[in-house]
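None of the figures in this text is laboratory data; all of them are computed from the coordinates on show. On a predicted model such as this, the values are computed, not experimentally measured, just so you know. Virtual Cβ from ideal backbone geometry, glycine too; neighbours counted across all protein chains shown.
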Amino acid sequence: MDKIHIFTAPKGEIVDIRRNDLQVIQDKFSLSAASEFYKENGLTYRTAFIPTQYLLSRGKEYTEPIAILKLIRNLCNYEDFEYDYVLNWLSGFIQTLNKPHSALIFAGDQGSGKNMLIEQVLRPIFGNEYTSVIDNERLSSRFNGSWANEKVLYIFNEISVSKGSESKIVKNKMKALITDLTIQVESKGQNAME
């Protein structure tokens, strides 16, 4: 049998599709895919990543975000070197969506704007569904599928690292999230996967 009956057209005509016209499509989270469906090594994939309006506007008309730049300058304690570093880090990440293999660390008094940068700037840019705020409890858990799978940006919030074996586990998990190209994801009742 070389035809499969799929559906009946409105006029009562039968539409047949040959088996070799069908493609097997697998889901694969990809930040670099140019469209929802893409080919890689001869296979067809569908990415679940849908860029935000801000990511889609990359390379288009630029309006200087004065308030955001002031916020970043404040978080950098008005130091030019740190300010330039943060801007370059953010612009490189936003423009390429390639993992920077380093992390920005903001330490400051309550009310300095750290949370505002996260909630009002970074999450809207990358998308709420692609950012994950991680605390000590999540880092200490063996199961990370709910917060680590298919994420673009990890935000470590109020992480405290003490001495001991648990500290080493937390540090290693943070290092993997920051530097590794792929991470192992494990959900309750499911096998771990990359």
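Observations on the structure shown:
- Phi-based couplings in Hz for the stretch 65-70 (Karplus 6.51, -1.76, 1.60; Gly and Pro marked x): x, 4, 5, 5, 5, 5
- Close Lys pairs in the stretch 35-194 (alpha-carbon distance under 22 Å; sequence gap of 8 or more, or different chains): 19.
- For the stretch 91-102, 3J(HN,Hα) per residue [Karplus equation, 6.51 cos²θ - 1.76 cosθ + 1.60, θ = phi - 60°, Hz, x = Gly/Pro]: 5, x, 5, 5, 6, 9, 6, 8, 4, x, 6, 8
- Whole-Å distance, taken between Cα centres, linking the stretch 35-79 and the stretch 105-168: 19
- Global form of the stretch 49-194, assessed from the alpha-carbon gyration tensor, a/c cut-off 1.5: oblate
- Were the residues from residue 66 through residue 169 laid out at 0.36 nm apart, the gain over their Cα-Cα distance would be 33.1 nm.
- Under a 5 Å amide H cut-off, with hydrogens placed 1.01 Å from N, residue 134 pairs with 155, 156, 157 among residues at least 5 apart or on other chains.
- 3J(HN,Hα) along the stretch 25-36, derived from phi through the Karplus expression 6.51 cos²θ - 1.76 cosθ + 1.60 where θ = phi - 60°, amounts to 10, 10, 7, 8, 5, 9, 7, 9, 5, 6, 8, 4 Hz, with x in place of Gly and Pro.
- In this calculation the C-beta distance from residue 109 to residue 150 is compared with R0 = 30 Å, giving a FRET efficiency of 0.30.
- Proximity of backbone amide H atoms, modeled 1.01 Å from N, is registered between residue 103 and no other residue at under 5 Å, excluding neighbours fewer than 5 places apart on the same chain.
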